[in-house]
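Just below is one structure, and these are the notes that go with it.
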Amino acid sequence: MTTPTKALLLSVHPQYAEAILLGTKTVEIRRRRVAVEPGIPLILYGTSPTKALLGAARIVTVEVGHPDAIWELHHEHVGVDRVVYDRYVQAAPEVTALGIGEPIAFAEPIPLARIRRALEFRPPQSYQYVSDSFVRDLVLRHPVAEQLMRLMTESQ
């Protein structure tokens, strides 16, 4: 069994986080290169107005390429139309496409206020890497603890 030492905490607009957790959006696009390996856990933070950790998933694939090439490969899975995609990737020489699988919606989201009571925390504008100890401290005694820790420690 391989124990990941980090997870990717991703800030996502609530409607996109919901689509990921429902399994209808299976590719997340980022304008910057995201240096992660397939198999690591992904924790979804829903931005304003939700301001909470909403669920988790696993990164299945990581591809970097020109925005047009990534669109051609993944347009059916990114959860937006071409106009919205082009506006988001505007002027980016390359983008990262994160393939997402195994979504788990938390039965009870973890609100930002609770996170800040447990840890010194500022939500990332795009993403940040978090350690397994961060996850343990964050979810200690929270109803989602078992779900998230299982995802962090399952074999890849």
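The values are calculated or read from the model by the stated rules, or taken from the named source; none is laboratory data. If you're wondering where the values come from, they're calculated on a predicted model, not measured in any experiment. Using ideal geometry, Cβ is built from the backbone for each residue, glycine included, and neighbour counts are taken over all protein chains shown. The area values use the complete protein model at the heavy-atom level, side chains included, leaving out ligands, DNA and RNA. Shrake-Rupley method; radii C 1.70, N 1.55, O 1.52, S 1.80 Å.
The portion of the accessible surface of the stretch 1-137 made up by carbon and sulfur, rounded to a whole percent, is 52 (1.4 Å probe; DNA, RNA and ligands excluded). Near the amide H of residue 55, within less than 5 Å, lie the amide hydrogens of 44, 106, all on another chain or at least 5 residues away, with H placed in the peptide plane. Rounded to the nearest 20, the Cβ-based charge dipole of the stretch 23-99 about its Cα centre (Lys and Arg +1, Asp and Glu -1) stands at 380 debye. Based on every Cα atom in the stretch 64-131, Rg and the maximum pairwise Cα distance Dmax equal 16.1, 44 Å.
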